[in-house]
Amino acid sequence: MRTLRRQADARAQPPLLHRNGTRLAPSDPTQNPAGLLYKLSVTTNSCNVTFFTNEQPAVVSAVGGANITVTYDGTPKSVAFTTQPAGLPLAVTYDGSAVAPVNAGTYVVLATVTGGYVGTGSATLTILKAPQTISFASLTNKKLGSGDVVLSASSSSGLPVSFAASGACSMKGAATVRLDRIGTCTVTARQAGDVNREAAPDVVRSFAVTSGTPGSNSVPPYLWPGRLIPRIIDLLPTTTATTTVLPRDNGQALAALVRALLLDSSGAASSSSTQKP
């Protein structure tokens, strides 16, 4: 590769080159009216010859260095350049586009001096995904049979939050928890992120599911130990050390008691109907 630089004055005529028998001028006067330095790359046989224009060299540097990292915030992210000589006009592109990028990603930034000078500068711009968090308040303990639990949570990015339930409960819809049994219910709030946001850290909330109260629809009244067992004992006849005598009605009084317990949701059923021998 041979590089020739020719300085000409107003009286000098540019040399002519031949390629494949065609006479070539080193510069078109309409493109280089000053005629001082010429730029034309040609190949003659195996020799590459380059002539330079009258444009002077300039140094272009990115402010912040060759590798620039910022975080997504929904606004365009541009890269500033300086020139030497100072203040030269520049054309800046981001992966070939003149529009500064907004979305997370990595972009090749090129700055080219326009008019009077020759110079380029480059940088790599990286826009990181933005972090986000979830706001999910603690959940209070619930009694089995007290109804479904409606969940509410939000993310700092505004993206929707999803839920998952485990333990003594299960999901019933996108944001409703059903209480399945006595125990501990664990609910996890998640936000998976998108092209511009990182996934948020999961937020886990747990609460106790306790036994139902009289009048609730979770456990039938006749299964409440505090009500059924004492009445059954009260129904039984007198017991001696060797013999237990069953009621003479063959269980009719027990059946009547159970019916009363089923109908009585307030716990006020009476055992006055109990018959003993």
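Check every one of the strands (runs of 3 or more DSSP E) wholly within segment 17-131 and list those with 2 or more residues that are at pLDDT 90 or above. First the steps, then the outcome.
Details: elements: 17-19, 22-24, 40-44, 47-51, 59-62, 67-71, 81-84, 90-94, 105-113, 120-128.
The qualifying strands (runs of 3 or more DSSP E) are 59-62, 67-71, 81-84, 90-94, 105-113, 120-128.
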Point to revise | Any hit, segment 239-262, residues being touching a Leu at 6+ places or on another chain (Cβ under 9 Å), farther than 30 Å from residue 130 by Cβ and modelled with pLDDT of 60 or more | key: no
Check your understanding: When residue 80 is evaluated against the numbered criteria (1) among the hydrophobic types (A, V, I, L, M, F, W, C); (2) surrounded by fewer than 18 Cβ atoms within 10 Å (Cβ to Cβ); (3) within 27 Å of residue 193 (Cα to Cα), which criterion, by number, is the only one it fails?
Key -> (3)
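The values are calculated or read from the model by the stated rules, or taken from the named source; none is laboratory data. Because the structure is predicted, anything quoted here is derived from the model rather than measured. Cβ sites come from the backbone with ideal geometry, for glycine too, and all protein chains shown count toward neighbours.
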